[in-house]
Every structure is written in structure tokens, then in C-alpha cells.
Amino acid sequence: MNKTATDLVSKSENWLRQDVFPLWIKNGIDKSNGGFIESLTPEGQPQDVPRRALVQSRQIYSFVTGAKLNSLDKNQAHEIVRNSVSFFSKSYLQTNGSCIHAVTPQGAVHTTDCELYTQAFALFALAQGYEISHDDKSKQEALKLLNYLKTERRAEGGGYTEIKAGKKLYQSNPHMHMFEAALAWLAVDKAPEWRALADELFDLCKNKFIDKKTGILGEHFNEGWTPELNDGKFVFEPGHHYEWSWLMAVYQDLTGVDTKATRHGIYEIADKYGINDKHFAIDEVWSDFTPKKQSSRFWPQSERVKAAVKLGLDVPKEKQASFAKSADEAMTALWKYLAIPVKGVWQDTLLENGEFNKQDPKASSLYHIINAIYEYVNLRGKLNDQ
């Protein structure tokens, strides 16, 4: 492993251990009402705002993963996770199995919307809790939620409907996170429902979301999963190409289903057309491969990191250098968002003009960052630099 990568590994581990978890344990956990704080101020102080189910789920994952990285004490992390899963179950899950969008800081219902995106992360949260406790309650709640999706949210042509503001939408992104949740369950439980769900979602992506002509994985669709077009073009996000490609590699590890050609196809499109001349992954690209939105949020950099190190292991040693280079570029880019005066928080969006947009650090962001660090720390040293 070259010096750049060695330094990035050390810097990232120290950042989590010395800056992130001390701050978020102190200011990012509601010790009175339970659960995780939605966001901090740029100075690292908690904000009194409604709390999305998404944040609870992602922070549960972050603390489970932090313990795996030895970034905080395992017993402390697992106690936080158990308490948070209990709060999540009590505050967000409904009698029909579904999960609401948000609660107030006091734990009362705030927003009752049941977006597919939120349901995916509810499944994910329960899998993270089950991994450390093997509490049958979490498993039964997850199966009940899955039954809700199968009975009430099925879409014609396969998959599930997204519902926002009372309108049905057909989007690939929430299905990606359902795929992620299915894989999280598949890794810790032998119930056949998880393998069936993972198989279903991979097939949907391969046969519906990925355009046969271009190989691009689309974002927005009409009923029946035909791409939404604008002047004959549709939009794709390089970050989601990376994220799907990484998930497909995990899926193959867990099931043996060969996804190599599919995952490398979408990865290569993202790395060829989704990176600007400053080595940042941009947010959106048209299907004719011209940029649509040239800002760069932090999370596509995170997804590029983990896709590059994971997919680099697919190829012979003599071909791994390009993947190592992409991973190092992406981690270097990600650090631009993390290296700020207040330690343990981050910036979200690098604008096209090279300036960061002023936004409060959201707790939901750590999930992306720590996932990238975990993969980079554990896999980067296995790639050949030469």
C-alpha cells in the first residue's frame, strides 16, 4: 500500500476515534427521550428539530460499524445500539408493520408519511440491531414490515411504489436501499424471505433499472419501469452507480450469484463520465453522458471509495492499480469535506464554483462516511498499487 493510502487509513481511523464518536456520543444522542439527534449546528451543538426514521437507522449502523473498527468501546456502542433500536421500534413502527417518516424530539408522531425509502431503512435498522442482540422481536418486526410492503406496496411490473405527498412514484433509489437491507438480513439470519427479496431486487435492477441500450442505471421511471425522459434523455447519478455496484459485489459474496459483468459495467460508466477534472464525483449526468448537475455532494465520493476497493479485488493483481488509484482519489476528495475547524462534523456539498454550500451537519451523513472508511481500511491494503 502506497504512502498516500497508508496516511489516509491512519487519518480516517484517528478521525473516527478522536473526533467523531466523542462528539456524537456527547451531543448526538438524546439521553432524556432516547434515540439520535437529527443534526448538529456547524459548531457541533444539537438542534431541536424533528427526527427522521432514516437518521435513527443510519446512526444505529454507524455505531455498530464503529465498534467493528475499534473506533469506540464495543460494549458502549452495543448498549447505545440496543437502546436506540428499542426507541426506534416504539416510536416509528406502526401496527400494520410500516414505519413513519419522523417524530418530534419528545418522541411524538410528527410526519406519518410511509415512503418506500423510509421502509427500506427501517428494515436495515432492525437488521443492525439483530446482528448484535439476536432479539427475535426485531426479526418479527422486520418480517411484518416486509409483509406490509408485499401486500400494500407492490408495483405493476415488479418492485414497489414510492409514495410522496400522496403521489405514486417509481424510483430505483429506494429499491437500492431495500436491496441493502435484504443483504444486511441475509448476512445475519437464515429466513428464506431475505434471499428471496435480495434475488427479486437484483433481478429488477438488472432487467428494469439498467437501460439495455446504454448500460446506464436510471433514477426515475414511469409505471411499468420505462425511464422518465426529458428531451429524449434520462438522468443517472454516478454515486448510485457506485453504490449499486458495491452492493452487487456483497450480494455475490453472500449468494454466489454472478454479478461481475453487471457491477463492472455500471462502475465503469460512473468512473468514465461522472468524475470532474478535480477528481470529484459529480451529482447528476444525462444519459447522453453530458453533465446535468456539476455540484459534488460528499456521499458519491464515499460510494466511489468502497466500490473501487471492492471491485478492484475482482480483477487480477496486474490490473488492480487503476482501482487503487480511484479509491485513493475518492478518499482524498472525501477528506475535503471532513477537514474543517470543528472536528467530527462535515460539509455536504461542494458547488461547481469550488465553494462549499453552508449546511448543518446531518447525522444521516455518517453512515455513508463510515461505510467508506470501513471498506477502505479493510480492503485497500489488498490491492496491488503497481
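Rule-based calculations on the coordinates, nothing more; no lab input. These figures come from a predicted structure and were not determined experimentally. Counting neighbours? That spans all protein chains shown, and the Cβs are built from the backbone with ideal geometry, glycine included.
Odds and ends about this structure:
- Derived scalar couplings between HN and Hα for segment 11-20 equal 4, 5, 4, 5, 4, 5, 6, 8, 10, 5 Hz in order, rounded to whole Hz, by the Karplus curve 6.51 cos²θ - 1.76 cosθ + 1.60 (θ = phi - 60°), x for Gly and Pro.
- Proximity of backbone amide H atoms, modeled 1.01 Å from N, is registered between Arg297 and Asp283, Leu350 at under 5 Å, excluding neighbours fewer than 5 places apart on the same chain.
- Mean residue ellipticity at 222 nm, helices only, the chain: -16500 deg cm²/dmol; runs of at least 4 DSSP H residues each add -39,500 (n - 2.57), and the sum is divided by the number of residues.
- Segment 37-122: projected area of the alpha-carbon convex hull, averaged over directions, in nm²: 6.2 nm²
- Against the rule of thumb 2.2 N^0.38 Å, how large the Cα Rg of the chain comes out: 0.94
- Kirkwood-based shape ratio for segment 207-261, expressed as Rg/Rh from alpha carbons: 1.03
- Between amide H atoms placed 1.01 Å from N, distances below 5 Å from Leu217 occur with Asp211, all of them 5 or more places distant or on a separate chain.
- Remark: segment 227-386 is approximated by an ellipsoid whose semi-axes, taken from the C-alpha gyration tensor as √(5λ), come to 24, 21, 14 Å, largest first.
- Highest mobility in the GNM of the chain, judged by mean-square fluctuation with C-alpha springs under 10 Å and restricted to Lys167, Lys272, Lys362, is found for Lys167.
- For segment 144-215, alpha-carbon Rg relative to the globular expectation (2.2 N^0.38 Å, N residues): 1.15
- Potential lengthening of the chain between Lys137 and Lys31 amounts to 35.8 nm, from the contour at 0.36 nm per residue minus the alpha-carbon distance.
- Whole-Hz couplings from phi, Karplus 6.51/-1.76/1.60, listed for segment 350-356; x for Gly and Pro: 8, 6, 4, 7, x, 9, 7
- Rounded, prolate or oblate (a/c below 1.5 giving rounded, otherwise prolate when a/b exceeds b/c) for segment 305-348 by Cα gyration tensor: prolate
- With the charge dipole of the chain set up from +1 on Lys and Arg Cβ and -1 on Asp and Glu Cβ about the Cα centre, the Cα lying farthest toward the positive end among the listed residues Ser302, Trp246, Leu8 is that of Leu8.
- Value in Å of the Kirkwood radius, where segment 294-386 supplies the Cα pairs that are averaged: 13.8 Å
- Amide H contacts of Lys164 (H built 1.01 Å from N, in plane; Pro and chain starts excluded): Leu169 sit under 5 Å, all sequence-distant by 5 or more or on other chains.
- Between Ser322 and Asp7, the C-beta separation translates, for a Förster distance of 22 Å, into a calculated FRET efficiency of about 0.60.
- About the centre of its Cα atoms, segment 3-382 shows a dipole size close to 520 debye [charges on the beta carbon of Lys, Arg (+1) and Asp, Glu (-1) only; nearest 20 debye].
- Integer Hz, Karplus 6.51/-1.76/1.60 couplings in order for segment 265-276, x for Gly and Pro: x, 6, 4, 5, 4, 5, 6, 7, 10, x, 10, 8
- Using a cutoff of 8 angstrom between alpha carbon atoms and counting only pairs six or more residues apart, the relative contact order for the chain works out to 17 percent.
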